[in-house]
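The block underneath contains the structure these notes are about, expressed in C-alpha coordinates.
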Amino acid sequence: MRIGIGSDQSGSECKERLKARLTRQGHAIEDVSTGDQPRSDYQSITTELSSAIYTGRVERGVLICSRAIGACVMANKHPGVRAALSHDLNSVREGVQDDGMNLLVMGGYGLTPDWACEVASVFINSTYSPGEKPFGIPPRRLARIVEHIRKNLDKPLGVGALSSLAEMSQSHFSKMFKLSTGLAPHQFVLQERINRSKELLRHDDAKIVEVALEVGFENQAHFTTVFGNLVGMTPRQFQRSADYEPPVMYGPPVEAAQSWREHTYEGR
(Lines give C-alpha, C1' and ligand atoms only; values in the text may rest on other atoms or scores of the structure.)
Protein backbone atom coordinates (compact mmCIF):
# COMPACT_ATOMS: atom_id res chain seq x y z
CA MET A 1 0.00 0.00 0.00
CA ARG A 2 1.13 3.57 -0.67
CA ILE A 3 1.16 5.34 2.69
CA GLY A 4 1.80 9.01 3.46
CA ILE A 5 3.26 9.86 6.85
CA GLY A 6 4.08 13.10 8.61
CA SER A 7 4.71 14.65 11.99
CA ASP A 8 5.77 17.79 13.76
CA GLN A 9 8.65 17.63 16.24
CA SER A 10 6.49 16.21 19.03
CA GLY A 11 5.77 13.10 16.97
CA SER A 12 9.08 12.71 15.13
CA GLU A 13 10.30 9.71 17.16
CA CYS A 14 7.02 7.83 16.65
CA LYS A 15 7.02 8.71 12.98
CA GLU A 16 10.53 7.39 12.38
CA ARG A 17 9.79 4.13 14.19
CA LEU A 18 6.54 3.70 12.28
CA LYS A 19 8.17 4.52 8.97
CA ALA A 20 10.84 1.88 9.50
CA ARG A 21 8.27 -0.73 10.45
CA LEU A 22 6.02 -0.04 7.46
CA THR A 23 8.98 -0.10 5.10
CA ARG A 24 10.00 -3.53 6.40
CA GLN A 25 6.45 -4.71 5.75
CA GLY A 26 6.77 -3.76 2.09
CA HIS A 27 4.67 -0.58 2.02
CA ALA A 28 5.69 2.37 -0.14
CA ILE A 29 6.19 5.33 2.22
CA GLU A 30 6.05 9.04 1.41
CA ASP A 31 7.26 11.23 4.29
CA VAL A 32 5.77 14.71 3.80
CA SER A 33 7.44 16.34 6.81
CA THR A 34 10.89 17.89 6.83
CA GLY A 35 13.44 18.32 9.56
CA ASP A 36 13.50 22.13 9.44
CA GLN A 37 9.81 22.73 10.21
CA PRO A 38 9.09 24.69 13.41
CA ARG A 39 7.44 22.89 16.31
CA SER A 40 4.05 24.53 15.73
CA ASP A 41 3.90 24.13 11.95
CA TYR A 42 1.27 21.40 11.81
CA GLN A 43 -0.68 23.31 9.14
CA SER A 44 1.75 22.83 6.25
CA ILE A 45 2.30 19.17 7.14
CA THR A 46 -1.47 18.57 7.27
CA THR A 47 -1.99 20.34 3.94
CA GLU A 48 0.77 18.36 2.23
CA LEU A 49 -0.46 15.01 3.54
CA SER A 50 -4.08 15.81 2.66
CA SER A 51 -3.03 16.84 -0.84
CA ALA A 52 -1.17 13.54 -1.27
CA ILE A 53 -4.39 11.70 -0.42
CA TYR A 54 -6.78 13.65 -2.64
CA THR A 55 -4.43 13.51 -5.65
CA GLY A 56 -4.02 9.75 -5.24
CA ARG A 57 -0.27 9.76 -4.50
CA VAL A 58 -1.03 7.80 -1.34
CA GLU A 59 -3.96 5.59 -0.31
CA ARG A 60 -3.78 6.18 3.45
CA GLY A 61 -2.11 8.78 5.62
CA VAL A 62 -0.82 8.85 9.21
CA LEU A 63 -0.18 12.17 10.95
CA ILE A 64 1.34 12.52 14.43
CA CYS A 65 1.38 16.04 15.85
CA SER A 66 0.75 18.12 18.95
CA ARG A 67 -2.25 19.96 17.46
CA ALA A 68 -4.13 16.80 16.54
CA ILE A 69 -7.67 18.22 16.75
CA GLY A 70 -6.74 21.24 14.65
CA ALA A 71 -5.08 18.95 12.12
CA CYS A 72 -8.28 16.87 11.82
CA VAL A 73 -10.43 19.94 11.27
CA MET A 74 -8.03 21.28 8.68
CA ALA A 75 -7.61 17.95 6.86
CA ASN A 76 -11.35 17.38 6.54
CA LYS A 77 -11.65 20.59 4.52
CA HIS A 78 -9.77 18.91 1.68
CA PRO A 79 -11.73 17.01 -0.98
CA GLY A 80 -11.66 13.26 -0.48
CA VAL A 81 -10.00 13.33 2.93
CA ARG A 82 -11.71 11.65 5.88
CA ALA A 83 -9.56 12.28 8.93
CA ALA A 84 -10.11 11.24 12.54
CA LEU A 85 -8.17 11.52 15.78
CA SER A 86 -7.93 8.22 17.64
CA HIS A 87 -5.55 6.15 19.76
CA ASP A 88 -8.07 3.34 20.23
CA LEU A 89 -7.72 0.16 18.16
CA ASN A 90 -11.42 -0.61 17.88
CA SER A 91 -12.37 2.96 16.98
CA VAL A 92 -9.72 3.05 14.28
CA ARG A 93 -10.88 -0.28 12.84
CA GLU A 94 -14.52 0.84 12.75
CA GLY A 95 -13.53 4.23 11.36
CA VAL A 96 -12.01 2.57 8.31
CA GLN A 97 -14.58 -0.20 7.89
CA ASP A 98 -17.72 1.87 8.37
CA ASP A 99 -16.72 5.42 7.45
CA GLY A 100 -13.85 5.04 5.00
CA MET A 101 -11.36 6.93 7.18
CA ASN A 102 -8.20 7.44 5.15
CA LEU A 103 -6.18 9.76 7.42
CA LEU A 104 -5.31 8.70 10.96
CA VAL A 105 -4.28 11.52 13.29
CA MET A 106 -2.58 10.83 16.62
CA GLY A 107 -1.42 13.26 19.29
CA GLY A 108 2.34 13.56 19.57
CA TYR A 109 2.67 14.09 23.30
CA GLY A 110 2.36 11.03 25.54
CA LEU A 111 2.20 8.62 22.59
CA THR A 112 4.78 5.83 22.70
CA PRO A 113 6.34 4.59 19.46
CA ASP A 114 5.16 1.03 20.15
CA TRP A 115 1.54 2.06 20.60
CA ALA A 116 1.68 4.36 17.57
CA CYS A 117 2.79 1.37 15.50
CA GLU A 118 -0.03 -0.80 16.89
CA VAL A 119 -2.73 1.76 16.12
CA ALA A 120 -1.33 2.49 12.66
CA SER A 121 -1.13 -1.23 11.90
CA VAL A 122 -4.86 -1.68 12.59
CA PHE A 123 -5.61 1.42 10.51
CA ILE A 124 -3.63 0.18 7.52
CA ASN A 125 -4.85 -3.42 7.65
CA SER A 126 -8.55 -2.56 7.96
CA THR A 127 -10.74 -2.45 4.85
CA TYR A 128 -13.48 -0.01 3.92
CA SER A 129 -16.80 -1.85 3.51
CA PRO A 130 -19.49 0.74 2.74
CA GLY A 131 -23.11 -0.27 2.92
CA GLU A 132 -23.87 1.83 -0.12
CA LYS A 133 -21.90 2.81 -3.20
CA PRO A 134 -19.98 6.10 -2.88
CA PHE A 135 -21.56 9.11 -4.53
CA GLY A 136 -20.37 12.24 -6.23
CA ILE A 137 -17.89 12.86 -9.02
CA PRO A 138 -15.25 10.11 -9.51
CA PRO A 139 -12.09 11.19 -7.69
CA ARG A 140 -9.67 11.57 -10.56
CA ARG A 141 -12.22 13.54 -12.56
CA LEU A 142 -12.90 15.76 -9.54
CA ALA A 143 -9.17 16.29 -9.03
CA ARG A 144 -8.88 17.34 -12.69
CA ILE A 145 -11.71 19.85 -12.28
CA VAL A 146 -10.27 21.29 -9.06
CA GLU A 147 -6.84 21.60 -10.68
CA HIS A 148 -8.40 23.40 -13.65
CA ILE A 149 -10.14 25.85 -11.32
CA ARG A 150 -6.96 26.63 -9.40
CA LYS A 151 -4.95 27.18 -12.57
CA ASN A 152 -7.56 29.47 -14.15
CA LEU A 153 -8.82 31.68 -11.33
CA ASP A 154 -8.28 34.79 -13.45
CA LYS A 155 -10.64 33.47 -16.13
CA PRO A 156 -14.44 32.92 -16.20
CA LEU A 157 -15.29 29.64 -14.45
CA GLY A 158 -18.99 29.18 -15.03
CA VAL A 159 -20.91 25.99 -14.40
CA GLY A 160 -21.26 25.44 -18.14
CA ALA A 161 -17.52 25.28 -18.74
CA LEU A 162 -16.87 23.13 -15.67
CA SER A 163 -19.67 20.69 -16.47
CA SER A 164 -18.28 20.27 -19.99
CA LEU A 165 -14.90 19.44 -18.52
CA ALA A 166 -16.60 16.84 -16.31
CA GLU A 167 -18.60 15.52 -19.28
CA MET A 168 -21.90 16.02 -17.42
CA SER A 169 -25.02 18.11 -17.83
CA GLN A 170 -24.99 21.35 -15.84
CA SER A 171 -27.69 20.26 -13.40
CA HIS A 172 -26.16 16.83 -12.78
CA PHE A 173 -22.68 18.32 -12.42
CA SER A 174 -23.85 20.90 -9.88
CA LYS A 175 -25.53 18.22 -7.78
CA MET A 176 -22.59 15.78 -7.93
CA PHE A 177 -20.03 18.54 -7.29
CA LYS A 178 -21.81 19.63 -4.12
CA LEU A 179 -22.02 16.02 -2.93
CA SER A 180 -18.27 15.68 -3.49
CA THR A 181 -17.09 18.97 -2.00
CA GLY A 182 -19.90 20.26 0.20
CA LEU A 183 -20.12 23.45 -1.89
CA ALA A 184 -21.94 24.50 -5.04
CA PRO A 185 -19.52 25.11 -7.96
CA HIS A 186 -19.73 28.92 -7.78
CA GLN A 187 -19.16 28.84 -4.00
CA PHE A 188 -16.13 26.62 -4.44
CA VAL A 189 -14.69 28.95 -7.09
CA LEU A 190 -15.19 31.97 -4.83
CA GLN A 191 -13.49 30.16 -1.94
CA GLU A 192 -10.53 29.24 -4.13
CA ARG A 193 -10.22 32.82 -5.37
CA ILE A 194 -10.18 34.10 -1.81
CA ASN A 195 -7.61 31.48 -0.76
CA ARG A 196 -5.34 32.51 -3.63
CA SER A 197 -5.83 36.19 -2.80
CA LYS A 198 -4.63 35.53 0.75
CA GLU A 199 -1.37 34.17 -0.61
CA LEU A 200 -0.90 37.23 -2.82
CA LEU A 201 -1.80 39.71 -0.06
CA ARG A 202 1.03 38.35 2.09
CA HIS A 203 3.54 39.89 -0.32
CA ASP A 204 4.74 43.25 0.95
CA ASP A 205 4.32 44.97 -2.42
CA ALA A 206 0.86 43.54 -3.19
CA LYS A 207 -1.73 46.06 -4.36
CA ILE A 208 -5.33 45.14 -3.58
CA VAL A 209 -6.72 46.14 -6.97
CA GLU A 210 -4.10 44.03 -8.76
CA VAL A 211 -4.79 41.06 -6.48
CA ALA A 212 -8.52 41.38 -7.17
CA LEU A 213 -7.99 41.25 -10.94
CA GLU A 214 -5.47 38.42 -10.73
CA VAL A 215 -7.91 36.12 -8.91
CA GLY A 216 -10.79 36.81 -11.27
CA PHE A 217 -12.81 39.67 -9.77
CA GLU A 218 -13.97 42.47 -12.10
CA ASN A 219 -13.16 45.23 -9.64
CA GLN A 220 -11.76 45.92 -6.18
CA ALA A 221 -15.17 46.72 -4.66
CA HIS A 222 -16.64 43.30 -5.47
CA PHE A 223 -13.47 41.60 -4.26
CA THR A 224 -13.57 43.52 -0.96
CA THR A 225 -17.20 42.55 -0.37
CA VAL A 226 -16.67 38.83 -1.03
CA PHE A 227 -13.43 38.78 0.95
CA GLY A 228 -15.14 40.39 3.94
CA ASN A 229 -18.03 37.92 3.83
CA LEU A 230 -15.76 34.87 3.74
CA VAL A 231 -12.83 35.99 5.88
CA GLY A 232 -14.46 38.39 8.34
CA MET A 233 -12.16 41.32 7.61
CA THR A 234 -11.26 43.53 4.67
CA PRO A 235 -8.29 42.72 2.41
CA ARG A 236 -6.46 45.71 3.89
CA GLN A 237 -7.02 44.50 7.44
CA PHE A 238 -5.85 41.04 6.47
CA GLN A 239 -2.78 42.47 4.79
CA ARG A 240 -1.86 44.41 7.93
CA SER A 241 -2.52 41.55 10.30
CA ALA A 242 0.51 39.79 11.75
CA ASP A 243 -1.44 36.62 12.56
CA TYR A 244 -1.55 34.91 9.19
CA GLU A 245 -2.54 31.31 8.73
CA PRO A 246 -1.87 29.28 5.58
CA PRO A 247 -4.91 29.09 3.29
CA VAL A 248 -6.59 25.70 3.03
CA MET A 249 -8.57 24.11 0.26
CA TYR A 250 -12.21 24.00 1.14
CA GLY A 251 -13.70 20.56 0.83
CA PRO A 252 -16.53 18.34 1.99
CA PRO A 253 -17.77 17.60 5.44
CA VAL A 254 -16.91 14.09 6.54
CA GLU A 255 -20.33 12.69 5.68
CA ALA A 256 -20.17 14.05 2.11
CA ALA A 257 -16.70 12.75 1.30
CA GLN A 258 -16.31 9.89 -1.14
CA SER A 259 -13.88 6.98 -1.32
CA TRP A 260 -10.69 7.98 -3.08
CA ARG A 261 -9.01 4.63 -3.29
CA GLU A 262 -7.97 3.92 -6.86
CA HIS A 263 -9.81 0.62 -7.13
CA THR A 264 -13.19 2.20 -6.22
CA TYR A 265 -13.53 4.00 -9.57
CA GLU A 266 -12.08 3.61 -13.00
CA GLY A 267 -10.93 7.23 -12.59
CA ARG A 268 -12.44 8.77 -15.67
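Scanning region 97-109 for residues that are modelled with pLDDT of 90 or more and over 18 Å from the mean Cα position of the chain (by Cα) yields a count of 0.
Go through Ser121, Ser44, Ser50 for me and flag whichever is at pLDDT below 90 and either in contact with a helix residue (DSSP H, G or I) (Cβ under 9 Å, 6 or more places away or on another chain) or buried (at least 19 other Cβ atoms within 10 Å of the Cβ) (or both). Talk me through it step by step, then tell me what you get.
Numbers: Ser121 fails: at pLDDT below 90; Ser44 fails: either in contact with a helix residue (DSSP H, G or I) (Cβ under 9 Å, 6 or more places away or on another chain) or buried (at least 19 other Cβ atoms within 10 Å of the Cβ) (or both).
After ruling out the rest, the residue left standing is Ser50.
Mind listing whichever residues of region 162-182 are crowded, with 16+ Cβ neighbours inside 10 Å, of a type in the set (Gly, Ala, Ser) and part of a helix (DSSP H, G or I)? If the condition is that a residue be crowded, with 16+ Cβ neighbours inside 10 Å, of a type in the set (Gly, Ala, Ser) and part of a helix (DSSP H, G or I), then Ser163, Ala166, Ser174, Ser180 are the ones that fit. Among the conditions (1) touching a residue at least 24 places away in the same chain (Cβ under 8 Å); (2) in contact with a strand residue (DSSP E or B) (Cβ under 7 Å, 6 or more places away or on another chain), the only one that Pro113 does not satisfy is (2).
Counting the residues of region 52-69 that are touching a residue at least 60 places away in the same chain (Cβ under 8 Å) and under 22 Å from Pro138 (Cβ atoms) gives 6.
Please verify whether region 95-112 includes one or more residues that are part of a helix (DSSP H, G or I) and either more than 23 Å from Thr55 (Cα to Cα) or in the same structural domain as Ala212 (by TED's automatic domain parsing) (or both).
Applying the first criterion (part of a helix (DSSP H, G or I)) to region 95-112 yields 95-99.
Narrowing further to those that are either more than 23 Å from Thr55 (Cα to Cα) or in the same structural domain as Ala212 (by TED's automatic domain parsing) (or both): none.
There is no residue in region 95-112 that is part of a helix (DSSP H, G or I) and either more than 23 Å from Thr55 (Cα to Cα) or in the same structural domain as Ala212 (by TED's automatic domain parsing) (or both).
Given the condition modelled with pLDDT of 90 or more, under 17 Å from the mean Cα position of the chain (by Cα) and assigned by TED's automatic domain parsing to the domain that holds Lys19, answer yes or no: does some residue in region 140-156 qualify? Within region 140-156 (the criterion being modelled with pLDDT of 90 or more, under 17 Å from the mean Cα position of the chain (by Cα) and assigned by TED's automatic domain parsing to the domain that holds Lys19), the answer is no, since none of the residues qualifies.
Of all residues in region 209-239, those being among the charged types (D, E, K, R) and closer than 13 Å to Leu153 by Cα number 2.
Could you look through region 150-161, keep only residues that are among the aliphatic types (A, V, I, L, M) and outside any helix (DSSP H, G or I), and pick out the one that is surrounded by the most Cβ atoms within 10 Å (Cβ to Cβ)? So that I can check it myself, show each step before the final result.
Step one: of region 150-161, the residues among the aliphatic types (A, V, I, L, M) are 153, 157, 159, 161.
Checking which are outside any helix (DSSP H, G or I) leaves us with 153, 157.
On the way: Leu153: 18, Leu157: 21.
Checking each candidate, the answer is Leu157.
The set of residues from region 54-81 being more than 15 Å from Ser7 (Cβ to Cβ) and among the basic types (Lys, Arg) comprises Arg57, Arg60, Lys77. The selection criterion, being farther than 14 Å from Leu104 by Cβ and assigned to a strand (DSSP E or B), holds for Glu30. Total residues in region 172-193 satisfying the condition of being modelled with pLDDT under 90 and polar (S, T, N, Q): the figure is 2.
Within region 199-221, if we keep just the residues that are assigned to a loop (DSSP other than H, G, I, E, B) and exposed (fewer than 15 other Cβ atoms within 10 Å of the Cβ), the residue that is modelled with the lowest pLDDT turns out to be Asp204. Give just the number: which of (1) surrounded by fewer than 17 Cβ atoms within 10 Å (Cβ to Cβ); (2) in a helix (DSSP H, G or I) does Leu22 not satisfy? All conditions pass for Leu22, except number (1).
The values are calculated or read from the model by the stated rules, or taken from the named source; none is laboratory data. Here the structure is a predicted model, which means the values were calculated and not measured. No Cβ is skipped: glycine too gets one built from the backbone with ideal geometry, and neighbour counts run over all protein chains shown.
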